[in-house]
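The values are calculated or read from the model by the stated rules, or taken from the named source; none is laboratory data. Predicted model only: the values in this text are computed from it and were never measured. Counting neighbours? That spans all protein chains shown, and the Cβs are built from the backbone with ideal geometry, glycine included. The protein model used for the area step is the full one, side chains on, heavy atoms only, and it has no ligands, DNA or RNA in it. Shrake-Rupley method; radii C 1.70, N 1.55, O 1.52, S 1.80 Å.
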Amino acid sequence: MRSWSEAPWRTRLLRRLRLPPALLRPLAAFSPRWSELAEDLAYWQGVRCEATAAEWRRLTASYSVLVYHRFAGELKPGQERIDISPQRFRRQLQALRLLGFRPLTAQQVLAFHRDEGEIPRRAFVLTIDDATADSVEPLRRAAGWSPQLFVPTAELGGSAHWIDGEPVATWGEVEELAAAGVAIGSHTRHHRRLSELPGPVREVELAGSLADLRERLPEPLAVIAYPNGDHDDEVCAAARAAGYELGFTTEKGRNGAGTDPYRLRRVSIHGADGALAAVWKAATGEALPRLWLRLRRRGRRPGHKGGHLVGRS
């Protein structure tokens, strides 16, 4: 049986509708898939009947995590899925604010997973990977949204070998962002796939990056975003051993009380995503529906005129 947050948005919606059991039972006759759904809905109805109000809030609370990369708006070939213009980024944040979405800090996320705090409805986390130079000014302006920037500490001031050699922010710029209120976490030292590294090298990438942050910043996050989302059991165990308290992947979905804090899910914002797309992803933690993408490819993306052609979000 899936936890609340692991289920897709349609299933979560059906769970909240409190359908009568007499309506659920006939579903099982259609196919194994419908049978599984009917069983799931009946199970959660039983949980709701037995749980206290506080327990039910805890079981059903969840949040999404948005992940951004570049803010140049250049959409170079091959970078359409990771680059967004600063203007579009601002419009997305404005739409989220208008609809009552609330950004969470790393401290709130950590307290929630320790069962030491609650999260509000429409909660989401704003994360940015890679620390490219073009992210500095947009993040300075968005510091009030509790953004978390994950930096490859040994690559700062250089070029991003993993993104066509794009310039990476300097330590001075990262320190200025931290002073402005942007939380800074680790993206390892050299942005390498951790599951492919020998154990000792992986430990240096993890522990070394956290040590770099603690040497240069007064209050860095003990949080890591795995480069390329690459992780496995050994990587998660090594992150814990290195002193990290949370770990972000690139697996889509929302996060709840039962989510492994070293395998937190995120959904990427792409260059062609408008304000409504960002709202959808913040609300569901999932990719855009296929119909939405088909309309986008035909130049009729909901809530936006024009745009670039990209693959599935």
Inset, instruction - For the chain, set up a Gaussian network in which alpha carbons nearer than 10 Å are linked by springs, and say which option among Val279, Val267, Val151 fluctuates the most. - result: Val279
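Grab the other residues whose beta carbon is less than 12 angstrom from that of Val151, score K and R as +1, D and E as -1, and report the net. Kindly include the intermediate steps, with their values, before the conclusion.
Working: positive: Arg189, Arg216; negative: Asp129, Asp130, Glu155, Glu173, Glu175, Asp212.
Result for the local shell: -4.
How much of the DSSP bridge set in the chain is antiparallel, in percent, rounded to the nearest 5? Walk me through the numbers on the way to the answer.
Values: 5 of 27 bridges.
Of those bridges, close to 20 percent are antiparallel.
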Inset, instruction - Between the alpha-carbon centers of segment 122-142 and segment 40-105, tell me the distance in whole angstrom. - result: 15
Legend entry - Integer Hz, Karplus 6.51/-1.76/1.60 couplings in order for segment 147-154, x for Gly and Pro: x, 10, 9, 10, 10, x, 4, 7
Inset, instruction - Would you be so kind as to identify which of Pro200, Ala277, Ser3 lies farthest towards the positive end of the dipole of the chain, taking Lys and Arg as +1 and Asp and Glu as -1 on Cβ and the Cα centre as origin? - result: Ala277
Legend entry - Karplus (6.51, -1.76, 1.60) ³J(HN,Hα), θ = phi - 60°, over segment 226-237, in Hz, Gly and Pro reported as x: 5, x, 6, x, 6, 7, 8, 4, 5, 5, 5, 5
Legend entry - the chain - accessible surface per residue (Å², probe 1.4 Å): 47
Inset, instruction - Using a 10 angstrom cutoff on alpha carbons, build the Gaussian network for the chain and name the most mobile of Thr105, Thr127, Thr153. - result: Thr105
Inset, instruction - Towards the positive end of the charge dipole of segment 132-220, with charges on Cβ (+1 Lys, Arg; -1 Asp, Glu), say which of Pro152, Thr132, Ile163 has the farthest Cα. - result: Pro152
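If you take every residue apart from Phe248 with its C-beta less than 11 Å away from the C-beta of Phe248, what net charge results, scoring Lys and Arg +1 and Asp and Glu -1?
Working: positive: Arg263, Arg265, Arg266; negative: Asp129, Glu251.
That sum, taken over residues with Cβ under 11 Å, equals +1.
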Inset, instruction - Can you check what the net charge comes to around Ser5, using other residues whose Cβ is under 10 Å from the Cβ of Ser5 (Lys, Arg +1; Asp, Glu -1)? - result: +3
Inset, instruction - In whole angstrom, note down how far apart the Cα centers of segment 266-297 and segment 178-228 are. - result: 29
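Based on DSSP, what percent of beta bridges with both residues in segment 119-206 are antiparallel, to the nearest 5?
Of those bridges, close to 30 percent are antiparallel.
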Legend entry - Rounded to the nearest 20 debye, dipole of segment 69-110 from Cβ charges on Lys, Arg, Asp, Glu: 140
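Share of the chain's accessible area from carbon and sulfur, percent, 1.4 Å?
Values: 7530 of 14770 Å².
Using a 1.4 Å probe with all protein chains present, the chain comes out at 51 percent carbon and sulfur.
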